[in-house]
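Worksheet: one structure, shown below.
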Amino acid sequence: MLRLISATPSPYARKVRIQLLEKGIPFELITEVPWNADTQTPRWNPLEKLPVLICPDGHSVFESRYVNEWIEMRHPEPPLVPRDVDGILAVKRFEVIVDGTCDALILQLFENARGEDKRSQPWLDRQRRKVD
């Protein structure tokens, strides 16, 4: 059975969970905080990021875009990505926009955590424009 290491609030892990559920692929969900001292994330992903999909043979697949492509190629039914070139490119473009929006939201969260006196309002405004 596949195992998915995920951080609960991660939108990147969420899109992998959704794909696995939509395709009806059974998996075990393992929730972690990748910056905690006891995390097993570095064992499976040299970039120390989540999500990580662990295969039954022990190899790992990481980085949400690659994980989603891997799932689609290894489990093509039901298809969640069109088969024609224009459809594939449209999906990839949409994914870039959505991932960029998620990045901007996460960056805003971290910037706001720096405290009002250390925050860069122009930088926050730039991230907000990406979301808008």
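Points to keep in mind about this one:
- Residue check for residue 29: in contact with a Leu (Cβ under 6 Å, 6 or more places away or on another chain), on the phi < 0 side of the Ramachandran plot and surrounded by fewer than 16 Cβ atoms within 10 Å (Cβ to Cβ): yes
- Just one residue in the set 71, 97 is under 18 Å from residue 3 (Cβ atoms) and aliphatic (A, V, I, L, M); that residue is 71.
- Candidate set from region 110-132 (those that are hydrophobic (A, V, I, L, M, F, W, C) and surrounded by 11 or more Cβ atoms within 10 Å (Cβ to Cβ)); member that is farthest from residue 11 (Cα to Cα): 123
- Restricting attention to region 8-23, the residues that are more than 11 Å from the chain's Cα centre (by Cα), in contact (Cβ under 8 Å) with a residue 24 or more places away in the chain and either closer than 18 Å to residue 102 by Cα or open to solvent by 60 Å² or more (accessible area, probe 1.4 Å) (or both) total 2.
- Among the residues of region 77-116, those identified as in a loop (DSSP other than H, G, I, E, B) and modelled with pLDDT of 90 or more are 77, 78, 79, 80, 81, 82, 83, 84, 114.
- The listed residues are 67, 81, 61, and the only one of them that is in contact (Cβ under 8 Å) with a residue 12 or more places away in the chain, within 18 Å of the chain's Cα centre (by Cα) and either more than 17 Å from residue 11 (Cα to Cα) or open to solvent by less than 30 Å² (accessible area, probe 1.4 Å) (or both) turns out to be 67.
- The single condition among (1) exposed (fewer than 15 other Cβ atoms within 10 Å of the Cβ); (2) touching a His at 6+ places or on another chain (Cβ under 9 Å) that residue 90 does not satisfy is (2).
The values are calculated or read from the model by the stated rules, or taken from the named source; none is laboratory data. Bear in mind the structure is a predicted one, so any value in this text is a computation, not a measurement. Heads up, the Cβs are rebuilt from the backbone with ideal geometry, glycines too, and the neighbour counts pull from every protein chain shown. Calculation scope for accessible area: heavy atoms of the full protein, side chains included, ligands and nucleic acids excluded. Shrake-Rupley method; radii C 1.70, N 1.55, O 1.52, S 1.80 Å.
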